[in-house]
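In what follows, a single structure is set out as structure tokens and then discussed.
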Amino acid sequence: VQVHIYIIHRSRLSEIMAKTKQKKGESGGDDAAAKHEQPLQAVLLADSFVNSFRPVSLDHPKVLHPLNTVTLLAYAMDFLAGAGVEHVFVVCVSDQVEAHVEEHIWTASTMQVTVVKDNFVTNSGDALRELDKQNLVQSDPFILMYGDVVTNVDIVGALAAHKERHKKDSSAMMT
């Protein structure tokens, strides 16, 4: 079983996105000067962008299916809240996911939740490009994970290890 949780350094990701924009001839401002310590943020991909869960996911997106009467999305959100995440961007293409997130209140946390709905997002790269274009993610590093992940991994320890690795090698942008 693979668990897809990534810790990504935003400044390094922004550099790569800027180089891509320069190759395409787009202009982009340098926000490195604006970078400062921000509350921990996460990007939750509420769509797996694959059809491998069909036909079960024809009526409801995979993240809204229950596991022991709790949606997969709720497990992921509770995990992020327990890891100290203060702001989550839920990227989705489904109206059902957007409505569920807006109706659901995570009472056990003070985590801010923002839904980023875009019907043209077809993969995780599109999602990250959209977030970068809107300049939404400000924490450095941030957590990126799929909404169907159910885990109890020690993300705080992984964050600490990632920060230490990044200090030694600034090109280490992802764990």
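The values are calculated or read from the model by the stated rules, or taken from the named source; none is laboratory data. Given the structure is predicted, the values throughout are model-derived calculations rather than measurements. FYI the Cβ positions are ideal-geometry reconstructions off the backbone, even for glycines, and counts take in every protein chain you see. Heads up: the accessible areas ignore ligands, DNA and RNA and are worked out on the full protein's heavy atoms, side chains in. Shrake-Rupley method; radii C 1.70, N 1.55, O 1.52, S 1.80 Å.
Please work out which one of (1) closer than 15 Å to Gln41 by Cβ; (2) out of contact with any Pro (no Cβ under 8 Å at 6 or more places or on another chain); (3) at pLDDT below 90 is the condition Val153 fails and give its number.
(1)
Among the residues of the stretch 85-98, is any without any contact (Cβ under 8 Å) to a residue 40 or more places away in the chain, out of contact with any Pro (no Cβ under 9 Å at 6 or more places or on another chain) and within 19 Å of Ala46 (Cβ to Cβ)?
So far as the stretch 85-98 goes, yes, one or more of its residues are without any contact (Cβ under 8 Å) to a residue 40 or more places away in the chain, out of contact with any Pro (no Cβ under 9 Å at 6 or more places or on another chain) and within 19 Å of Ala46 (Cβ to Cβ).
So if I check each of Val113, Val150, which one is within 15 Å of Thr71 (Cβ to Cβ), part of a loop (DSSP other than H, G, I, E, B) and open to solvent by 40 Å² or more (accessible area, probe 1.4 Å)?
Criteria check complete, one pass: Val150.
What helices (runs of 4 or more DSSP H), lying completely within the stretch 1-110, carry at least 3 residues that are hydroxyl-bearing (Ser, Thr, Tyr) and modelled with pLDDT under 85?
Fully inside the stretch 1-110 and qualifying: 10-24.
If Asn135 satisfies every condition in (1) at pLDDT 85 or above; (2) surrounded by 13 or more Cβ atoms within 10 Å (Cβ to Cβ) but one, which is the exception?
So Asn135 meets the others, but not (2).
Restricted to the stretch 153-170, and to residues that are open to solvent by 60 Å² or more (accessible area, probe 1.4 Å) and in contact with a helix residue (DSSP H, G or I) (Cβ under 9 Å, 6 or more places away or on another chain), which residue is nearest to Val91 (Cα to Cα)?
The residue in question is Val153.
Since His162 meets every condition but one in (1) in a loop (DSSP other than H, G, I, E, B); (2) farther than 13 Å from Leu44 by Cα; (3) touching a strand residue (DSSP E or B) at 6+ places or on another chain (Cβ under 7 Å), which condition does it not meet?
Against the list (1) in a loop (DSSP other than H, G, I, E, B); (2) farther than 13 Å from Leu44 by Cα; (3) touching a strand residue (DSSP E or B) at 6+ places or on another chain (Cβ under 7 Å), His162 comes up short only on (1).
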